[in-house]
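Contents: one structure, followed by commentary.
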Amino acid sequence: MSLRAEWQRSEVHVDGKWRAARTGKTGVVENPATEQVIGTTADAGTDDVDDAVRAARGAFAGWAMLPVQERVDMLRAWHGVLAARHELLVATTVAEVGAPVVVASEAHVDMGLAVFEAYLDEGPLLAWEEQVRTSVVLREPIGVAACITPWNWPLYQVLAKIGGALVAGCTVVLKPAELTPLSAYLLLDAAVEAGLPAGVLNLVPGKGSVVGEAMAAHPDVDVVSFTGSTGVGARVSIAAAPSIKRVCLELGGKSSSIVLHDADLAVAVSASMAGAMLNSGQTCSAWSRLLVPREMYADAVNLATQSVSGMRVGDPTDRETDLGPLVSEGQRTTVLEHVARAVEEGARVVCGGTDRLPGPGHFVAPTVLADVPDDAAILRDEVFGPVVTVEAYDDENDAVRRVNATPYGLHGAVWSTSDDRAFALARQLRTGQVDINGAAFNPAAPFGGYGRSGNGREMGRWGIEDFLETKSVQR
């Protein structure tokens, strides 16, 4: 893959201007499929955070006072610039994430733009002002938003946060993930071209332990929106606590796909495997557990194995590739350690396993585990890789108990010939989202979790409301 000029970056973007980080430091970006350096990025520090927050604070009053339709019109122009750069955004996602080109196009870029567009559609429809008896209830932007995004969906996750914040009238300081910052640079390039006012959106790439912590703790930041691991989410909350700022967290998951007795087993298993392996399993909402009736267990294991064995792992630039690499050597090591521990605890590897695939790149074979003991760690811990467990349940109450026994509650699926029956079971799951019979993702519906999967919601009007305060004026 050629080195593109758009990937050679060393700046922060503060108050409408590109400039070098005050640290004078830069970092490199690796292509996880080739293990070659393909780009550079700024490695900013706390002084850069101070500058960015100051710029966002200075721009806040003007941005917040604009009528919502004017904000939306400016942001829609930005959306148009991004859409026109679709090819570059896809190529960048393939290069820095290792996502297969079809996944990068459809799931990363197209869906990210759809999420952004949903914010633009929903913003003008919100009840920004309403009469409640003798009071006028106003919805107002909370202030400066610190948005800290993960490496697994770099474009999508940035738009899922800053889209809602900017429509709400907040100004933003953005820290993209250290491993995948290039998409964020392209977003800022497009924002500049679209004429977004200076200070409204500021970019400060750098280490989470430095830049992220400084943003979370900063006294002039009013809300922190973070997506990442549950452990880091707890640290963000602690850093933010002294200034009593709002904290919105989208964290880990251990999501299940439940097949009911009357479902089409082949369809349900195939779709569940595709959902589990999307983005090489590096998805917080991945259906990493497949639960089936005990009498269907053997057939389900065979179907899961057939489905996964047919997935092509390899070059993410090849349109026939299903799974690319994991994002880093550290991530590959972590995933293989999860599988090895599961085997030590009694699980049986049906497909894939702990063998490293030959050649360069951080590849892991899609893995199916069966006969997993109920107390195995892999049924509770997030693996964040292409690994699925198949489990048998006795009845629907047992299935619900198993799903709700995890500390997470982000996503799930239910399969049945009866939507009503599936819906009734979905109501019992302690999770933020449930898909019934492979229903399509809705970018205007709320996305977020229960328990250790976080708090707050992204997408649609809910993703805007997380960045709003409520004021009542009695008349």
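The values are calculated or read from the model by the stated rules, or taken from the named source; none is laboratory data. The structure presented is a predicted model; accordingly, all values stated were derived computationally and were not measured. When we count neighbours, we look across all protein chains shown, and the Cβ atoms used for this are built from the backbone with ideal geometry, even at glycine. What goes into the accessible areas is simple: the full protein's heavy atoms, side chains included, and nothing from ligands, DNA or RNA. Shrake-Rupley method; radii C 1.70, N 1.55, O 1.52, S 1.80 Å.
When Ala160, Ala146 are checked against the criterion of being within 28 Å of Gln331 (Cβ to Cβ), open to solvent by less than 20 Å² (accessible area, probe 1.4 Å) and assigned to a strand (DSSP E or B), a single residue qualifies: Ala146.
For every residue, the table says whether it meets (1) touching a residue at least 40 places away in the same chain (Cβ under 8 Å); (2) open to solvent by less than 30 Å² (accessible area, probe 1.4 Å); (3) over 26 Å from Cys170 (Cα atoms); (4) in a loop (DSSP other than H, G, I, E, B).
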position: Gly231; (1), (2), (3), (4): no, no, yes, no
position: Pro242; (1), (2), (3), (4): no, no, no, no
position: Leu249; (1), (2), (3), (4): yes, yes, no, no
position: Ala266; (1), (2), (3), (4): no, no, yes, no
position: Met273; (1), (2), (3), (4): yes, yes, yes, no
position: Ser285; (1), (2), (3), (4): yes, yes, yes, yes
position: Leu303; (1), (2), (3), (4): no, no, yes, no
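Go through the residues of region 200-209 one by one and say whether even a single one is assigned to a loop (DSSP other than H, G, I, E, B), over 22 Å from Ala64 (Cα atoms), open to solvent by 10 Å² or more (accessible area, probe 1.4 Å) and touching a His at 6+ places or on another chain (Cβ under 8 Å). No. Residues of region 97-131 that are of a type outside the set (A, V, I, L, M) and either in contact with a His (Cβ under 9 Å, 6 or more places away or on another chain) or closer than 13 Å to Leu187 by Cβ (or both): Gly98, Ser105, His108, Asp110, Gly112, Phe116, Glu117. Per the listing Arg71, Arg85, Arg9, the residue uniquely among the basic types (Lys, Arg), over 30 Å from Leu326 (Cβ atoms) and at pLDDT 95 or above is Arg71.
If you go through region 2-17 and keep only what is in a loop (DSSP other than H, G, I, E, B) and basic (Lys, Arg), you end up with Arg4, Arg9. If I filter region 414-428 for residues that are over 24 Å from Phe226 (Cα atoms), in a strand (DSSP E or B) and open to solvent by 30 Å² or more (accessible area, probe 1.4 Å), do I get at least one hit? Looking through region 414-428, none of the residues is over 24 Å from Phe226 (Cα atoms), in a strand (DSSP E or B) and open to solvent by 30 Å² or more (accessible area, probe 1.4 Å). The requirement of being in contact with a Ser or Thr (Cβ under 8 Å, 6 or more places away or on another chain), modelled with pLDDT of 95 or more and either crowded, with 24+ Cβ neighbours inside 10 Å or not charged (D, E, K, R) (or both) is fulfilled somewhere in region 116-134, by at least one residue.
Among the residues of region 167-199, what is the count of those that are under 30 Å from Glu35 (Cβ atoms), in a loop (DSSP other than H, G, I, E, B) and either open to solvent by 10 Å² or more (accessible area, probe 1.4 Å) or among the small types (Gly, Ala, Ser) (or both)? Of the residues in region 167-199, 3 are under 30 Å from Glu35 (Cβ atoms), in a loop (DSSP other than H, G, I, E, B) and either open to solvent by 10 Å² or more (accessible area, probe 1.4 Å) or among the small types (Gly, Ala, Ser) (or both). Contact map, region 363-377: residues that are touching a residue at least 24 places away in the same chain (Cβ under 8 Å) and part of a strand (DSSP E or B) paired with residues that are open to solvent by 20 Å² or more (accessible area, probe 1.4 Å) and of a type in the set (Gly, Ala, Ser), Cβ distance under 9 Å, separation 6+ or inter-chain. Pairs shown: Thr367/Gly352; Val368/Ser307; Val368/Ser309; Val368/Gly352; Leu369/Gly352.
Out of Arg139, Arg133, one residue alone is of a type in the set (D, E, K, R) and on the phi > 0 side of the Ramachandran plot. It is Arg133. In region 429-464, which residues are under 16 Å from the mean Cα position of the chain (by Cα), over 20 Å from Ala165 (Cβ atoms) and not in a loop (DSSP other than H, G, I, E, B)? Once the filter is applied, which keeps residues that are under 16 Å from the mean Cα position of the chain (by Cα), over 20 Å from Ala165 (Cβ atoms) and not in a loop (DSSP other than H, G, I, E, B), region 429-464 yields only Tyr450. The residue of region 55-113 that is farthest from Leu278 (Cα to Cα), among those that are of a type in the set (S, T, N, Q) and crowded, with 19+ Cβ neighbours inside 10 Å, is Thr92.
Here is a yes/no grid of residues against (1) touching an Asp or Glu at 6+ places or on another chain (Cβ under 7 Å); (2) farther than 22 Å from Leu251 by Cα:
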site	(1), (2)
Glu122	no, yes
Val137	yes, yes
Val158	no, no
Val167	no, yes
Cys170	no, yes
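On the given criteria, is Asp371 touching a strand residue (DSSP E or B) at 6+ places or on another chain (Cβ under 7 Å), more than 30 Å from Gly454 (Cβ to Cβ) and among the charged types (D, E, K, R)? Here the answer is yes, as Asp371 does meet what is asked.
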